[in-house]
Amino acid sequence: MGYVHLTDICQFIPPSAILKSAGTWTPTVSSHFTRDVRTAAEASFDMAIPIVLPGSNVAKQGAKLVSIDVWYIVATAAADDIGTVNLDKVTLAVDGTAPTGAAVDITLDADHDTTVKRKAADEHKMTVTLDTPAFLEDDEAYWLHIAVDAAATTVFSIVGAQANFTLRL
């Protein structure tokens, strides 16, 4: 049997897999382009992006998460705020014990490292890089959490995300 060590692998996460906490969202397909579009409204909402990659209980085997790209569009008017961008690691516990979560240290790309840049009316590709890339273990789950406070006329679209990782099998 062979050994696999691939260093530039990615997994697309479609908008339909992203949890959205509030608002009216419409799956939209036009001009060969699919996205979920939120109807304009003065309100806050959260998005939770599941990072679904292979994990292992064997050290340095499976997927080593390096970064996550998120494509979104803020249209008509800038959002009031996109202050929260967190990567959460959830440790899945044994029976009778509650799972626990912890923040993972991340760095945002230079075009999204401030709220002002993230909330601007524009087409966005935000890259979230783990300060210390990590192999997923068999009892862990990762979620990227983004909190948005939309203005009354903000039309927000989520195009999708992409997990970038190294794969060792």
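Laboratory data are not the source of any read-out in this text; all were calculated from the coordinates shown. Quantities reported herein were computed from a predicted structural model and do not represent experimental measurements. Cβ placement follows ideal geometry from the backbone for every residue including glycine, while neighbour counts extend to all protein chains displayed.
Between Ala77 and Ser56, take the C-beta separation as r, use R0 = 35 Å, and let me know the FRET efficiency to the nearest 0.05. Please report the intermediate quantities before stating the final value.
Working: r = 46 Å, r/R0 = 1.30.
About 0.15, to the nearest 0.05.
When the helix-only estimate is applied to the chain (DSSP H runs of n ≥ 4, each -39,500 (n - 2.57), divided by the residue count), what is the mean residue ellipticity at 222 nm, nearest 500 deg cm²/dmol? It would help to have the intermediate numbers written out before the result.
Details: 1 runs with 5 residues, N = 169.
Per the formula, -500 deg cm²/dmol.
Between beta-carbons, use under 12 Å as the cut-off and find the net charge around Asn57, counting Lys and Arg +1, Asp and Glu -1. If you can, show how the numbers build up before the last one.
Numbers: positive: Lys60; negative: Glu137, Asp138, Asp139, Glu140.
Around Asn57, the charge tally is -3.
Quick one: if you take sqrt(5λ) for each eigenvalue of the C-alpha gyration tensor of the chain, what semi-axes come out, biggest first, whole angstrom? Display every interim value, and only then the final one.
Numbers: eigenvalues 183, 61, 45 Å².
The answer is 30, 17, 15 Å, longest axis first.
Any idea how far apart Thr24 and Phe12 come out in nm if each label point goes 7 Å out from Cα toward Cβ?
2.9 nm
Using Cα-Cα distances under 8 Å and only pairs 6 or more residues apart, what relative contact order does the chain have, in percent?
Numbers: 444 pairs, mean separation 71.0, N = 169.
This gives 42 percent for the chain.
Filter the chymotrypsin sites (Phe, Trp or Tyr not before Pro) in the stretch 1-83 to those in DSSP coil with at most 11 other Cβ atoms within 10 Å of their Cβ, and list the result. Please report the intermediate quantities before stating the final value.
Values: sites: Tyr3, Phe12, Trp25, Phe33, Phe45, Trp71, Tyr72; in loops: Tyr3.
Here the sparse-neighbourhood loop sites are Tyr3.
Once Lys and Arg get +1 and Asp and Glu get -1 on their Cβ, which of Pro27, Val70, Ala120 lies farthest toward the positive end of the dipole of the stretch 17-163?
The residue sitting most towards the positive pole is Pro27.
I'd like the distance between the alpha-carbon centres of the stretch 141-163 and the stretch 6-21, rounded to an integer number of Å.
One Cα centre to the other: 13 Å.
Report the charge-dipole magnitude of the stretch 39-143 in Debye, nearest 20, computed about the Cα centre from +1 at each Lys and Arg Cβ and -1 at each Asp and Glu Cβ. Please list the in-between numbers first.
Numbers: 7 positive and 18 negative charges, 42 e Å.
Roughly 200 debye for the stretch 39-143.
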